[in-house]
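Asks: Have a look at the structure that comes next, please.
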Amino acid sequence: MSLFSSTIQKFFEDIIVYSEVVSLCNNKCVFCPIDVLNRSSFIKEDIQQRVIEFFKKTSNIKFKVFFHVLGEPLLYKGLEKYINDLSNLPNVKPWLATNGTLLTMER
């Protein structure tokens, strides 16, 4: 087995979860359907806590959590705390997809 195929296989050993933290974006990409969504808000604190509790209760399963579905996750002011809370769980690996326009040295 090559290094590439073993890396790909390892990638898919974890369950992939998409956590949409915001359904807003600071760009207007022509390919993105975000403008036709009938929602424009941030993840609710109680939902965020339920997600964290679920991962805690299923500690025997490994998860990759992607912060992006439709929207720019860096618009969510609580993103760093959410990522930190999940990073402290041994069975969770947070991943972030961003357009990068809101990245700063602090972030």
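The values are calculated or read from the model by the stated rules, or taken from the named source; none is laboratory data. As the structure is a computational prediction, the values presented were derived from the model and not from experiment. Cβ sites come from the backbone with ideal geometry, for glycine too, and all protein chains shown count toward neighbours. These area figures cover heavy atoms from the full protein model, side chains too; ligands, DNA and RNA do not enter into them. Shrake-Rupley method; radii C 1.70, N 1.55, O 1.52, S 1.80 Å.
Asks: Solvent-accessible area per residue for the range 48-91 at a 1.4 Å probe radius, Å²?
Replies: 54 Å²
Asks: Then there's this: Where nothing but the Cβ of Lys and Arg (+1) and of Asp and Glu (-1) is charged, how large is the charge dipole of the range 60-107 around its Cα centre, in debye to the nearest 20?
Replies: Dipole size: approximately 180 debye.
Asks: Can you tell which of Thr101, Leu70, Thr58 lies farthest toward the positive end of the dipole of the range 54-107, using +1 and -1 charges on the Cβ of basic and acidic side chains (Lys, Arg; Asp, Glu)?
Replies: Highest projection toward the positive end goes to Thr58.
Asks: Heavy atoms only, probe 1.4 Å: what % of the accessible area of the chain goes to carbon and sulfur, would you let me know?
Replies: 62 percent
Asks: To the nearest 20 Debye, how big is the dipole of the chain about its Cα centre, given +1 on the beta carbon of each Lys and Arg and -1 on that of each Asp and Glu?
Replies: With only Lys, Arg, Asp and Glu charged at Cβ, the dipole is about 160 debye.
Asks: Now for a different question. Add +1 for every Lys or Arg and -1 for every Asp or Glu among the other residues with Cβ under 14 Å from the Cβ of Thr98, and state the total.
Replies: -2
Asks: Mind ranking 62-69, 47-54 by how tightly packed they are, going by the mean number of other C-beta atoms within 10 angstrom, highest first?
Replies: 62-69, 47-54
Asks: Continuing with the same structure: In the chain, which cysteines lack any other cysteine Cβ under 4.7 Å from their own?
Replies: Singleton cysteines: Cys25.
Asks: Once you keep just the Cα pairs under 8 angstrom separated by 6 or more residues, what percentage relative contact order results for the chain? Before the final figure, lay out the partial values.
Replies: Numbers: 129 pairs, mean separation 35.3, N = 107.
After rounding, I find 33 percent.
Asks: I want the local charge near Lys56. Using Cβ-Cβ distances under 12 Å, sum +1 for each Lys or Arg and -1 for each Asp or Glu among the other residues.
Replies: Every neighbour counted, the sum reads 0.
Asks: Now for a separate question. When Lys and Arg each count +1 and Asp and Glu each count -1, what net charge do the other residues less than 13 Å away from Phe66, Cβ to Cβ, add up to?
Replies: Combined, the nearby Lys, Arg, Asp and Glu give 0.
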